[in-house]
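The values are calculated or read from the model by the stated rules, or taken from the named source; none is laboratory data. In this text the structure is predicted, and so the values were computed from the model without any measurement. Glycine gets a Cβ as well: all are built from the backbone with ideal geometry, and neighbour counts include every protein chain shown.
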């Protein structure tokens, strides 16, 4: 017998022989100990088969070599272990497995299928998908860790909630379906979470996965699920240590819980009787992983639901353009919650023109500050957002115009006053600024622009009587930091919570009646076709935090570009209007949802070499695209007579990436655009194949990118 073993590395499965004593024990999903290079490694069995003849083995190796990609090509790597076979006069002998480590499958068959799909779809490898799906402690033989995050022991029992007619209608549609995808489009405060919980309760013993964006996984949603499902919930979030994450994973695998509530990796929860997946705030960019395996947890969840034939709910007040478009095309069932609970009104939104408005400081208009003073005097709370960390975006010498830039990345460094350092938010490097300009030796160094630290400092001076807390990545690095800030807001120990987009998402503070954006222009004009969509979503989500209690909410958005079309729709909470406007712009440029994208990024150590090599690469790509178009019509090399529908491919680039340098690598990119996802991946694979002999280049592939920077 032979077994295909998958390791948590960037490779496909490796083939080993199975000793007779292990043949009765071994099954897919079990861990095994296998020889690997000069040592031993723990892997997962993904398949077994009867032994092949020596001739068959030789043939399979030839096929593997014929399809194997270069080290730079992450697409469809088919490999056998370099030391797993020995070629001698008698043929090829596979190395034998040493031990089976489990009594039964640890990774269920449905999850193995999903892992394979993820590796193929994202042009990566099944091994890298396995690494993302299964905690590292499983392969290291660790037992797990005791939870250090302490939740309140006495969670208030769930209160009886009367559903609105809209909630009842949505729930009825979900419950009567055996499978299928739903978009639950509900305005902020309309009770989407209650629909999620009721849908899970209606499934009986079946299991559920609930995905949330990282920042939305607050004490509030955790407590709400614990009050309804008690100890039958496992949690996955960034506050967990590797040992704690392993403990939660084992609870799921052992059948001790029936709900997994968490961030991206929870989509791989090893449930065997899954009935429902819920994606809360489905539009969130944080569902996409930007390093390593560039998968989207939302899209993987949709694939898992289809593979297992179960139900999936995508919920949002501001659905992604693609998701809403698919409901119009009938690919998802549409459920709407158009009104807030108890018919509470949506907050009033005012756009403040900072080119005309009287200011009390660099950051605050007189109107906004007056609203904050009034709100605090009445014992209410406020939220303020500036989606930029640090004290100032950059330091500039006003004598010569010099600005500090990251030596490893082509971006300016952000000044952080608390540490007195200039920090890079891409590679996390930092340096201490000098008292004189490094270029002209002048002393006129100015802070240019706004960051959350500076906005916080100004507000402390203007309103010293208030209790102010800042919530951004700098203040929430420590374990439980985010948890404590949210708790303090709930307990009304904070008058004003100020921060980045963290403050805009997933929170339900009934006493917040004023929400504000200090400098709205930060996100408006990024060189990305999704910038308007993200801006609309972010401002609408922030507005939704205000007026969720008994008092009406007020929202103030300060901008130097009040005529931007996004503000018209934010002011009126008009998602449908924004969707129609944005869809027409996407249609003209043939961007998603009217096409699919694959982005290839070429990384170089040397800028001059990059330009020279990319001239060669560009020529090869043009030739390869011609052959791709022939192949897609069923002709030419590689064509098997099968025509791929909608296979026209448009190539944008290659050109220097908008952020040209990151972590000492100079970056060029190209974007493949087309209607057929399979044709796009085939085109990308052929492009990678055409450049595999070029040295001094590292290639990254991003299928369905959400960021083109």
Selection from region 1-52 of residues that are in a loop (DSSP other than H, G, I, E, B), touching a strand residue (DSSP E or B) at 6+ places or on another chain (Cβ under 6 Å) and within 17 Å of residue 107 (Cα to Cα): 7, 13, 25, 26, 28, 30
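Return the total of residues in region 288-303 being part of a loop (DSSP other than H, G, I, E, B) and in contact (Cβ under 8 Å) with a residue 40 or more places away in the chain.
Of the residues in that region, 6 qualify.
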Is it the case that region 322-330 has a residue that's crowded, with 22+ Cβ neighbours inside 10 Å and either outside the structural domain of residue 177 (by TED's automatic domain parsing) or within 18 Å of the chain's Cα centre (by Cα) (or both)? no
Can you say whether residue 654 is crowded, with 16+ Cβ neighbours inside 10 Å, at pLDDT 85 or above, assigned to a strand (DSSP E or B) and outside the structural domain of residue 324 (by TED's automatic domain parsing), as far as the supplied structure shows? yes
Of (1) buried (at least 22 other Cβ atoms within 10 Å of the Cβ); (2) part of a loop (DSSP other than H, G, I, E, B); (3) at pLDDT 95 or above, residue 279 fails just (2)
Within region 230-276, residues without any contact (Cβ under 8 Å) to a residue 24 or more places away in the chain, within 14 Å of residue 209 (Cα to Cα) and part of a loop (DSSP other than H, G, I, E, B) come out as 255
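The rows are residues; the columns are (1) surrounded by fewer than 23 Cβ atoms within 10 Å (Cβ to Cβ); (2) under 22 Å from the mean Cα position of the chain (by Cα).
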| position | (1), (2) |
| --- | --- |
| 490 | yes, no |
| 514 | no, no |
| 530 | yes, yes |
| 533 | yes, yes |
Quick one: would you say residue 498 is in a loop (DSSP other than H, G, I, E, B), buried (at least 19 other Cβ atoms within 10 Å of the Cβ) and in contact (Cβ under 8 Å) with a residue 40 or more places away in the chain? no
So which residues in region 175-193 are crowded, with 18+ Cβ neighbours inside 10 Å and closer than 25 Å to residue 255 by Cα? 193
Got at least one residue in region 428-436 being part of a loop (DSSP other than H, G, I, E, B), outside the structural domain of residue 378 (by TED's automatic domain parsing), within 26 Å of the chain's Cα centre (by Cα) and farther than 24 Å from residue 559 by Cα? yes
Inside region 569-605, the number of residues satisfying the requirement of being more than 17 Å from residue 322 (Cβ to Cβ), surrounded by fewer than 17 Cβ atoms within 10 Å (Cβ to Cβ) and at pLDDT 95 or above is 4
Going by the conditions given, is residue 285 touching a residue at least 60 places away in the same chain (Cβ under 8 Å), in contact with a helix residue (DSSP H, G or I) (Cβ under 9 Å, 6 or more places away or on another chain) and closer than 22 Å to residue 201 by Cβ? no
Please determine whether any residue of region 81-91 is at pLDDT 50 or above and either on the phi > 0 side of the Ramachandran plot or touching a strand residue (DSSP E or B) at 6+ places or on another chain (Cβ under 8 Å) (or both). yes
Scan region 541-558 and give yes if some residue there is in a loop (DSSP other than H, G, I, E, B) and surrounded by fewer than 16 Cβ atoms within 10 Å (Cβ to Cβ), otherwise no. yes
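Is it the case that residue 608 is surrounded by fewer than 17 Cβ atoms within 10 Å (Cβ to Cβ) and either modelled with pLDDT under 95 or in a strand (DSSP E or B) (or both)?
Taking the combined requirement at face value, the residue satisfies it.
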When you look at residue 128, is it at pLDDT 95 or above, more than 17 Å from residue 9 (Cβ to Cβ) and part of a helix (DSSP H, G or I), yes or no? no
Consider residue 390 carefully, then state whether it is within 34 Å of the chain's Cα centre (by Cα) and at positive phi. yes
Considering only region 283-293, I want to know if a residue exists there that is surrounded by 21 or more Cβ atoms within 10 Å (Cβ to Cβ) and under 17 Å from residue 129 (Cβ atoms). yes
Could we say that residue 599 is within 30 Å of residue 697 (Cβ to Cβ), in contact (Cβ under 8 Å) with a residue 40 or more places away in the chain and not in a loop (DSSP other than H, G, I, E, B) here? yes
Quick one: residue 394 ticks every box in (1) at pLDDT 90 or above; (2) crowded, with 17+ Cβ neighbours inside 10 Å; (3) within 18 Å of residue 661 (Cα to Cα) except a single one, so which number is it? (1)
